[in-house]
1. Using the structure shown, list the pairs from K245/K366; K245/K357; K163/K245 with a Cα-Cα distance above 32 Å, or answer none.
2. So how far, in whole Å, is the C-alpha centre of the stretch 292-350 from the one of the stretch 388-414?
3. Under a crude label model (7 Å from the Cα following the beta-carbon direction), how far is R252 from A265 in nanometres?
4. Quick one: net charge around T42, please, counting Lys, Arg +1 and Asp, Glu -1 for every other residue with C-beta under 11 Å from its C-beta.
5. Provide the net charge surrounding T17, with neighbours chosen by a C-beta distance below 14 Å and charges set as Lys +1, Arg +1, Asp -1, Glu -1.
6. Counting only C-alpha contacts under 8 Å and six or more residues apart, can you give the relative contact order of the stretch 3-230 as a whole percent?
7. List the lysines whose Cα sits under 19 Å from the Cα of K435, skipping any in the same chain fewer than 8 residues away.
8. Using only the Cα atoms of the stretch 3-230, each taken as one equal point scatterer with no solvent, compute I(q) by the Debye sum, divide by I(0), and report log10 of the ratio at q = 0.09, 0.10 Å⁻¹.
Amino acid sequence: MTDPRLAVVILAAGQGTRMKSATPKVLHKLAGLPIVAHVLATARELSAAHVLAVVRHERDRVADAVSAALPDAIIVDQDEVPGTGRAVEVALEALPEGFDGDVLVLNGDVPLLDAATLREFLAAHRGGGAAGSVLTAVLPDPTGYGRIVRGADGSLERIVEQKDASEDEVAIGEINTGVYAFGLSGLRDRLASITTSNAQGEKYLTDMVAALRDAGSAVSAVPVAEPWLVEGINDRAQLADAAAKLNALIVRGWQLNGVTIQDPATTWIDLTVTLAPDVEILPGTQLQGATTVATGAVIGPDTTLVDCEIGERATVKRTDATLAVIGEGASVGPFSYLRPGTVLGRDGKIGTFVETKNARIGERSKVPHLSYIGDTEVGVGSNVGAGTITANYDGVHKHSTVVGSHVRTGSHNVFVAPVRIGDGAYTGAGTVVRKDVPAGSLAINVAPQRNIAGWVAANRPGTDAARAAAESGDE
Ligand code: UD1
Ligand code: CA
């Protein structure tokens, strides 16, 4: 149910200088989704009446990501005045008319914070009757965060940014998580009074604490129960830390849902992946995008699947696959490379050192060894010989190969597309198939073999080969 008295403002206008990246910070990915998408997902869970996202740096890219994650979110453009305080100020101007209640401010770069923690924080804020509340934490390393300055009586006095802090203040272990709840009217009134006179020349939202206190309003500091939830991402090291923490949660979630995951430390699963009970995942596996794996399938070791659909009881070993569909009971790998458009039928096989692309390989059909199969359709129950190449590209256009059902092709064939091999046909080893092969035919086009007797003795006398031939007695 929607909470009509709650608006969420997500701050995502900053550049994220410390990432040293051409990509805006909040668009760097975590478990397959942009950082800001995680914050938007949490905001959605809170069922706020309004969610607003403040953007400026790389405005269109960030706005697109926000809308993709939460289409209802209101995009707010921050002007050239810098700082988190200004970001909230412009958001308030964009708040739909008639709203009255609490404004929950979230940083777009704090992705692990969950809705349950925020609900507790909101309840504490609302229950305490303060004009504003700040979620705080004691982190093992407070470097870079704003510090929470408490008065002699323990009450919250102000927040000081590290860059503006005295030596004593830098030593404070309690930090500002960047999460705040404010009653709308107090926030509106006091924000206007905040200036940019600080080390960074920015309008700091953190100055709201002192501003509210100076106006005689109560402001409370609410410590978070699980400090790791509020760690912000400012550089790539923090990005990797957050990714590892989120991945550990995702892995554990699937384990508790019946998935065997042998090695959580080397298994990486995007939030967008779906796994059935009794799937088994072996070490070194990455499951990404819209990948789904059905029950009984075994994935890995050392396998990357992007947007793949894996059927029941299939096995996929030491494989790299994108946009591939693997049928029930089928087997892939080891060392297979499946490119987009690969569809392997039930109980089929794509084996060792095989590359496929836009290839539909029918039920029980096999491409077991050392082949490239592209722009190809194979019927049911066929076997494609070791070392087969579909020559699908004539230098200008791509052409397709069609192999029928119950076909047996020889080793080391080239299928020069466009070409069709009929049902039940055979091809000899080493055949370069340039013409269609009718059903039930054997195609061969290698030159007949000639053996020139005594050639080694005549032309390579005195060699080990000549001696071995002579000693073999059947020269
Ligand atoms: C901010 C807080 C700090 C707190 C920390 C928690 C301020 C002044 N400082 O510092 O006390 O400990 O978060 O993670 O608020 N943003 C805008 N517009 C701007 C500037 C920033 O929308 O003009 C957004 C950024 O995109 C980011 C968030 O606000 O998502 C925080 O900005 P950032 O520059 O990362 O602030 P911190 O230095 O981390
Ligand atoms: Ca930050």
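Please treat every number below as a calculation from the coordinates, not as lab data. Model, not experiment: these values are computed from the prediction. Don't worry about glycine lacking a Cβ; one is built from the backbone with ideal geometry, like all the others, and counts go over all protein chains shown.
1. K245/K366; K245/K357
2. A separation of 22 Å, based on Cα centres.
3. 1.7 nm
4. 0
5. Counting the neighbours of T17, the net charge comes to +2.
6. 23 percent.
7. Partners found: K398.
8. -0.32, -0.41
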